[in-house]
1. On C-alpha positions alone, give me the angle between the axis of helix 72-86 and the longest principal axis of the chain, in degrees, nearest 10.
2. Rounded, prolate or oblate for the stretch 198-289? Axes are the square roots of the Cα gyration tensor eigenvalues, ordered a ≥ b ≥ c, and the cut-off for rounded is a/c under 1.5.
3. If I stretch the segment between W280 and E61 completely, what's the gain in nm (0.36 nm per residue apart, minus their alpha carbon distance), one decimal?
4. Run the numbers for I243 and L373: contour at 0.36 nm per residue of separation, minus the present Cα-Cα distance, in nm.
5. If you place +1 on the Cβ of every Lys and Arg, -1 on the Cβ of every Asp and Glu, and leave all else neutral, what size is the dipole of the stretch 235-315 about its Cα centre, to the nearest 20 Debye?
6. Multiply the residue separation of E53 and R98 by 0.36 nm, subtract the distance between their alpha-carbon atoms, and state the gained length in nm to one decimal.
7. Taking a threshold of 28 Å on the Cα-Cα distance, which of the pairs K164/K320; K149/K212; K62/K185 fall above it?
8. What is the total of Lys pairs in the stretch 235-315 with C-alpha atoms under 14 Å apart, excluding same-chain pairs fewer than 8 positions apart?
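Derivation of every value follows stated rules applied to the coordinates shown; laboratory data play no part. Since this is a predicted model, take the numbers as computed values, not measurements. Neighbour counts run over all protein chains shown; Cβ positions are idealised from the backbone, glycine included.
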Amino acid sequence: MEWVITPFDILSCIPRWFVGAILGIIFLMYYLREAVQQPVIACSRGKFRDFLEDHVPILKEKYWPTFWCFESRLQTIFASLLRSKFLPDIKYRREILRLSDGGEVGLDWLEDGCVPSSPIIIILPGLTGESQADYVKCLVTTANQIGIKIVVFNNRGMGGIDLKTPRTYCAANIEDFTEVVHHVKNSNANVPLAATGISMGGLILGNYLASKGGEARKIFSAAMVISVPWDVFKGTESIEKPIINLMLNWHLCGGLCKTVERMEQCLGRSSEEIQRTVSWDVKSVLQSKTIREFDSKFTTKQFGFKDVEDYYTQATIHTKIDKIQVPLLCLSAADDPFQPLDAIPVDAANESSNVAIVITARGGHIGFLEGFLPALEKQYMSRLFCQFFAAVFRDGAALLSSSDSEE
């Protein structure tokens, strides 16, 4: 009788521990080769880049993403879940700012251990975020530990503030933020001021800086954006890809629809009454399944854009880098599901003396977890955030002169 040896017979003779070890080695090699890398810095050679290289040591280190969740969507999801679960809510000092059109926004201050002359950073949360958002708490906590005051700008209808007018917010409109900046600056004369925008908050901040040009430079010592969707068109296309990206899209759209529901409740009007005073259909808006659909039915009509393409064109900032005169540090991940790598304006940043884009190989969208057991308040983005602004406020004169000399 002739015996035939099959591949399955050979595999059955190999101990399972050996197979596991081989797979583990392959995984480790992939992790070390593809995930653990020093970030790329896109910025023209000059004093701003020299400032970063001399005063922000984290930029010379490799970023070691948490190895058990370094995939982009896992970074995005687990970072949010872990921070939400383990970072306690922060006890802010709430300030209500009444805007020129009668609307109101909440400004949440954390000033523990600070003095009147302590520098201030205004934080702009993401699309559905507010002052207790997990990523905001991560930044606020670490900044406070080094003596920086933080004020979180909660958009209309967010942070527990009732809507006073039938209007919310959008990425292309800077009116509310402009009023907030003037209020904070006028109330804290001669105090160094900076700003940080996360995701959609980065779009608002970026549009403000591009629009105000030299005026913004007289107000802010520096600024930072984290996981900003540079090109809104490509970002929207990316977040509509099935399956996990699209699920994240549904989740965010649901949050936006809840804001519209709160609008109806806060104003004490029925859907029919609201529709007689605004140009959008409440019931239709609440049926939106994606951010693009929501923007088409609601945002474009609320702010008078021709259509969603017009809104996204005005909201996007990848074409406006040359207009920014405030030293701006930008943190983006090459695998951000909300913003493809080819949409990050590397070439434009390489020609800019005021904008520096730091690109990590991994990190997802507002993820940037690191370490086997992440210390949630001290992750890569918060370490970069603190090192940068500590250097700005400590050596601000050098940074300002670096910008002045490159005009």
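1. The helix 72-86 is inclined about 60 degrees to the chain.
2. It is oblate, given that a/c is not under 1.5 and a/b is not larger than b/c.
3. Details: separation 219, 0.36 × 219 = 78.84 nm, distance 4.98 nm.
Difference between extended and current length: 73.9 nm.
4. So the extension gain works out to 44.0 nm.
5. Taking the Cα centre of the stretch 235-315 as origin, the dipole is about 180 debye.
6. Working it through step by step, the gained length comes to 12.1 nm.
7. K164/K320; K62/K185, as the Cα separations exceed 28 Å there.
8. Values: K241/K289; K258/K283; K258/K289; K283/K297; K289/K297; K297/K306.
Total qualifying Lys-Lys pairs in the stretch 235-315 comes to 6.
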